[in-house]
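All remarks here apply to the structure that follows.
The values are calculated or read from the model by the stated rules, or taken from the named source; none is laboratory data. Quick caveat: nothing in here was measured; it's all calculated off a predicted structure. To get the accessible areas, we keep the full protein, side chains included, count just its heavy atoms, and leave off ligands, DNA and RNA. Shrake-Rupley method; radii C 1.70, N 1.55, O 1.52, S 1.80 Å.
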Amino acid sequence: MKVTVIYYDNNSLELHHKFITAECKSNGRVVIPDEYKVNKSIIAVCEGEVDVLNKVGDRILPVSACA
């Protein structure tokens with residue numbers, strides 16, 4: 001099954017997303033491979049390829065630009 005995984009990398013607060021192919025159980029639940037989950041906090045799994053237009057933090061300016 002082709003899915004888009006939305007996740008945080010454990011080393012930053014930036015929200016990421018990636019399109020992957022994963023197995024699907026008979027009950028419809030998607031199985032994300034363990035090696036893919038390393039150092040990630042998965043927020044959502046969406047069916048198909050999702051084009052994320054805006055994410056939390058996309059418009060945050062660096063501290064130097066706020067003065």
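Residues whose amide H falls under 5 Å from that of LYS40, counting only those 5 or more places apart or on a different chain, are ASN10, with hydrogens built in the peptide plane. Sequence-distant or interchain residues sharing an amide H contact under 5 Å with VAL50, placed H: which? Hits under the 5 Å cutoff: THR4.
The residues of the stretch 1-60 expose, per residue, 78 Å² of accessible area to a 1.4 Å probe. Each residue of the stretch 33-45 is assigned a 3J(HN,Hα), and the resulting list reads x, 4, 5, 6, 7, 4, 6, 10, 10, 7, 9, 7, 10 Hz, derived from the Karplus form 6.51 cos²θ - 1.76 cosθ + 1.60 (θ = phi - 60°), x at Gly and Pro.
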